[in-house]
Amino acid sequence: MTKSALQIARAAYQPKVPAALKGPVKVVDGVYTQSIANQDEIKKLFPNTYGMPIVTFEKTKDAVALPALNVGVILSGGQAPGGHNVIAGLFDGLKAINKDSHLYGFILGPGGLVDHNYMELTADIIEEYRNTGGFDMIGSGRTKLEEKAQFDKGLEILKELNIKALVIIGGDDSNTNACVLAEYYTSINAGVQVIGCPKTIDGDLKNDQIETSFGFDTACKVYSEVIGNIQRDCNSARKYWHFIKLMGRSASHIALECALQTHPNACIISEEVEAKNMSLDDVVNQIASVVAKRAEAGNNFGTVLIPEGLIEFIPAMKRLIAELNDFLAKNEAEFKLIKRSEQRNYIISKLTKENSALYASLPEGVARQLTLDRDPHGNVQVSLIETEKLLAEMVGTRLAEWKKEGKYVGKFATQVHFFGYEGRCAAPSNYDADYCYSLGYTASCLIAAGKTGYMSSVRNTTAPADKWIAGGIPVTMMMNMEKRHGEMKPVIQKALVKLEGAPFKKFASKREEWAINTDYVYPGPIQYFGPTEVCDQPTKTLLLEQGK
């Protein structure tokens, strides 16, 4: 591939790693674990991989000669900056264990395992992709490893290649499936370990041991740069209100972090909307009030940040969507036979009274978007719902009403934006380059230690990298039972924004000030080269969570 000057320079970057990973390591068992909820159900479903201890790797002088290992790796789900460095760290770790170890990449995600589509990842290939964005080394996919037939088909190629361990790099659902696979392979004595790595730019895959999911740092810096650019234009032209939707289907971590970085005039946090039982009308009034107050000071411009999954957090909308998900899961074939012009009335006639009335009140476009094809988990695809347009339109309508009543004196013109893919495949920040490489290297240590059903963990990451703590946690400790496709299934519990947490409290303490004043911050591009205090800074979310 043709490389840009930046790629050539970044290829030479040497990721920083925990001191424990610089040489032979020993495994130290920590506390034994249980699932975050539904302990009895999870334990019954995972009898072989439940209750295992948290492990930490420490430096040792006792080097142990280990046999060569053949390992497979899969990139699963949406792209996140740093994925290539996970693979590079895994490769280097395996070669450190035994120079004759081999790494195989399965092409286009979990489907590559089932379809026996793979390639050996040699040193030459790995060198091409160090510190680069995207998942294009082996591609990614959204095939779900859920069925015994898939597990058995995958095992055929693993046996053929003499692969002893499989590393699945993915989000909460991908790691849930990795855990199911680990349990199955253990139950049949397949001789294949399964290790997960925490990936999702949404930031909703974390706990005390997983401080952040990789890619979140880079994505937020990319989005914040562009939001800052928009705010610079906003403050220059002084005539538009910019409604900016950001990725974050199930949690508002991205919107919150970008707000902390850029100081917008308004930012909606979905978890707060749900906690306060706010209606769509309440959200509209909240934004319109900020617009009106700024207009009083002659400022007919501003920025509003909106999380992608907001609609699902409005309690009334959440109830509507839950019923829609269940109904469409059971009646999909019948629904698809209904003429498009008649689908709206068909849905209205099938819902309960409250949900039917709410659905009927929605604009035609939004109502249709709620009935589009579901994602692989049976959920509405909220990224297709143009919430930014809906809110911009509804705020405009509300302001027009207030103007007639003499409550609003300004001018209101809007621009709408959705930032999604722009942040997914960016070249990783120094933080993500270091963090991802360490996660991959740690995965190789978990394999060498004979672990399965574990997720690679690197923590204490607000400290210098040599003080980071590498280890692993059982995936089962993150699980609970949730409804999927109308059935209760074990899944990793998503980490939502904590309203009592330091990041939200910081935002809440400042938002009234940011609403009225034009206190914009323009972060500029991700810094790869320059002072450490600029280049290696972790997210504000992580710093606040660590009390720094």
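Only the coordinates and a few stated rules stand behind these numbers; no lab work does. Remember, predicted model here, so these are calculated numbers, not experimental data. Note that we place each Cβ from the backbone using ideal geometry, even for glycine, and neighbour counts take in every protein chain shown.
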(message) Give me, ordered by chain and number, the residues 5 or more places off A165 or on other chains with an amide H under 5 Å from its own placed amide H.
(response) G72, Q193
(request) Could you state the angle between the C-alpha long axis of helix 502-516 and the longest principal axis of the C-alpha atoms of the chain, as a value from 0 to 90 degrees rounded to the nearest 10? (result) 30
(request) For K44, go through the lysines and keep the ones whose alpha-carbon is under 29 Å away, minus same-chain ones fewer than eight residues off. (result) K144, K148, K153, K159, K164, K199, K206, K330, K451, K483, K489, K494
(message) Sorting check: for 386-394, 247-255, 528-536, 320-328, which peptide has the highest mean count of neighbouring beta carbons within 10 Å, and how do the rest follow?
(response) 247-255, 386-394, 320-328, 528-536
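Counting DSSP beta bridges in the chain, what percent are antiparallel, to the nearest 5?
Among the beta bridges of the chain, antiparallel pairing accounts for roughly 40 percent.
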(request) Can you check what the Kirkwood hydrodynamic radius comes to for segment 289-338, Cα pairs only, in Å to one decimal? (result) 14.3
(request) Relative to the longest principal axis of the C-alpha atoms of the chain, give the angle of the C-alpha long axis of helix 253-262, reported between 0 and 90° and rounded to the nearest 10°. (result) 70
(request) Work out the P(r) tail for segment 228-384: percent of alpha carbon pairs separated by more than 21 Å, whole number. (result) 52
(request) Could you work out the Kirkwood radius for segment 350-466, taking every pair of different alpha carbons, averaging 1/r and inverting it, reported in Å? (result) 19.9
(request) Quickly rank 193-199, 49-55 as a protection proxy: mean count of other C-beta atoms within 10 Å, highest first. (result) 193-199, 49-55
(request) Using Cα centres only, tell me the gap between segment 463-523 and segment 249-323 in whole Å. (result) 17
(message) Could you compute Rg(Cα) / (2.2 N^0.38 Å) for segment 495-536, with N its residue count?
(response) 1.60
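Over its Cα atoms, what ratio of radius of gyration to 2.2 N^0.38 Å does segment 441-548 give?
1.47
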(request) Output the antiparallel fraction of DSSP beta bridges having both residues in segment 39-191, as a percent to the nearest 5. (result) 25
(request) Based on a Kirkwood Rh over C-alpha pairs, give the Stokes-Einstein translational diffusion coefficient of segment 457-506 at 20 °C and viscosity 1.002 mPa s in µm²/s. (result) 153
(request) Over the residues of segment 112-180, compute the C-alpha Rg and express it relative to 2.2 N^0.38 Å. (result) 1.21
(request) Mind pulling the per residue volume of the convex hull built on the Cα atoms of segment 164-317? Å³ is fine. (result) 121
(request) Please report, to two decimal places, log10 I(q)/I(0) for segment 1-140 at q = 0.12, 0.19 Å⁻¹ as given by the Debye formula with identical point scatterers on the Cα atoms and no solvent. (result) -0.68, -1.22
(message) For a protection proxy built on the mean count of beta-carbon atoms within 10 angstrom, sort 344-355, 303-314, 287-298 highest first, please.
(response) 303-314, 287-298, 344-355
(request) In square nanometres and to one decimal, what's the mean projected area of the convex hull around the Cα atoms of the chain? (result) 26.5
